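> Would you mind keeping the following structure in view while I ask a few things?
All of the numbers you see were taken from the coordinates with simple rules; none came from a lab. All values reported here derive from a predicted model rather than from experimental measurement. Cβ atoms come from the backbone with ideal geometry, glycine included; neighbour counts cover every protein chain shown.
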């Protein structure tokens, strides 16, 4: 039964499911537009979450949210570059964001997600969003194809909340994509990861102190992320295909992580004086997309719609961008009393084209015959273009010009159509397109 004492009578303009960066961004900006917004979050913050590295392109969204002063006052390390280390241990020249564009928006942060996500959610509250934590949404309610709201579990009772627009920001849980059976994986990027947190890992100095390092394993079967965090903590994780990372390795992923570290000298030397200060975490099958972006009265944002392999730290940037763009279009759709998918997501084509550009860069990274260092030596005129992609500036047509040359160096994926994302919208191919349930 629906508990009447906790059920809403449809007073909300928007219901946002999920209080992570995408949901908090969308809810905050909708509230700033004057909309009445209910945000339902299953967890109680702070809570652990992976994905600590920001891309500089997030600056503009933070500015609209009123988050810049809070981030500048935080203890989060400043991130000025990305650097790649080959299987032989050879270090690339850092890709400095400031050198491409010497302005304050070219420096960003490496964030602790428990702190950062709570900051974002508190910012939503300050903007007027009604936030309820510890509320697990069970399903989205539909009348025909039109979304009416949600049912949720609160203190063991089922509650019903009605709103004119329902926004799925449930991240990798992908509530709507699973409910509607429209989530698809990518057979060519079927990777997993094992990660942990270490204190007193050796970091570089100066401009490189907060850099993200991408370190290939010595056998070139996978790669490590190395992300500096506050209090001399470093997030370190290994990424590789599941048949390498998990098959025949026994039932102790921590031993696998330690073995991979020991077998990667470029990383092992940085951990000689380090101590692991967390348990270990395992994730798998983290590249996927949904068949549709929006429908009648509903929309997906951030990881709820799609997630790319984490090699370029794109998750937070896509979360904030989609949350911002969705908020503006939802506000306009409500004003026009037109909640069709084309009205809710007119930005969809531009968004998925940007995702496609970064997906092409991901495919390039996993081509073992390809070398960015060799490419830049041959085509120094494209170093700026690659740096532009690495800062997240991917939503302009000319951002993809480098791929006209890269296609002669490696095999790039072809785009496909995505429903509910505007005319001629495209995204990456999905291999065998087996539904993930």
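> May I ask you to order 298-310, 384-396 by the average number of other C-beta atoms within 10 Å around their residues, highest value first?
My ranking of the peptides, most packed first, is 298-310, 384-396.
> For the chain, report the translational diffusion coefficient in µm²/s to the nearest whole number, using Stokes-Einstein at 25 °C, 0.890 mPa s, and a Kirkwood Rh over Cα pairs. Walk me through the numbers on the way to the answer.
Numbers: Rh = 22.3 Å.
Translational D for this selection: 110 µm²/s.
> Can you tell me which of 311-319, 115-123 comes out highest on packing, and rank the rest after it, using the mean Cβ neighbours within 10 Å?
The densest-packed peptide leads the list: 311-319, 115-123.
> What FRET efficiency comes out for residue 90 versus residue 251 if R0 is 30 angstrom and r is the Cβ-Cβ distance? Round to the nearest 0.05. If you can, show how the numbers build up before the last one.
Working: r = 35 Å, r/R0 = 1.18.
Working from the Cβ atoms, E equals 0.25.
> Taking the highest mean first, how do the peptides 64-70, 236-242, 95-101 order by number of other beta carbon atoms within 10 angstrom per residue?
236-242, 95-101, 64-70
> Given the rule -39500 (n - 2.57) for each run of at least 4 DSSP H residues, summed and divided by the residues of the chain, what is its mean residue ellipticity at 222 nm, to the nearest 500 deg cm²/dmol?
Result for the chain: -8000 deg cm²/dmol, rounded to the nearest 500.
> Quick one: go through the stretch 182-213 and flag any residue whose amide nitrogen is under 15 Å from the point 7 Å out along the Cα-to-Cβ line of residue 98.
Inside the label zone: 205-212.
> Viscosity 0.692 mPa s, temperature 37 °C: Stokes-Einstein D of the stretch 255-386 from its Kirkwood Cα radius, in µm² per second? Please list the in-between numbers first.
Numbers: Rh = 18.3 Å.
Once the numbers are plugged in, D ends up at 180 µm²/s.
> Here is a further query. For the stretch 1-139, what is the convex hull volume of the alpha-carbon atoms per residue, in Å³?
Considering the Cα atoms of the stretch 1-139, their hull volume per residue is 142 Å³.
> Moving on to the next point. Rounded, prolate or oblate for the stretch 131-178? Axes are the square roots of the Cα gyration tensor eigenvalues, ordered a ≥ b ≥ c, and the cut-off for rounded is a/c under 1.5.
Note, shape of the stretch 131-178 comes out oblate.
> Same structure again: I need the shape label for the stretch 140-261. Rule: rounded when a/c is under 1.5, else prolate if a/b > b/c, else oblate, with a, b, c from the alpha carbon gyration tensor.
Note, shape of the stretch 140-261 comes out prolate.
> Still on this model: Tell me, how many Å apart are the Cα centres for the stretch 257-304 and for the stretch 352-397?
The distance from the Cα centre of the stretch 257-304 to that of the stretch 352-397 comes to 21 Å.
> What FRET efficiency do you get for residue 277 and residue 208 if R0 is 22 Å and r is their Cβ-Cβ distance, rounded to the nearest 0.05?
0.45
> Rounded to two decimals, what is Rg over Rh for the stretch 313-359 when you use alpha-carbon atoms and the Kirkwood radius?
1.04
> I've got another one for you. Between residue 370 and residue 220, what is the label-to-label distance in nm when each label sits 7 Å out along the Cα-to-Cβ direction?
My value for the distance between the label points is 1.4 nm.
> While we're on this one: Between residue 68 and residue 200, what length comes free when the chain is fully extended (0.36 nm per residue of separation minus the Cα-Cα distance, one decimal in nm)? Could you put the intermediate results ahead of the total?
Details: separation 132, 0.36 × 132 = 47.52 nm, distance 2.81 nm.
So the extension gain works out to 44.7 nm.
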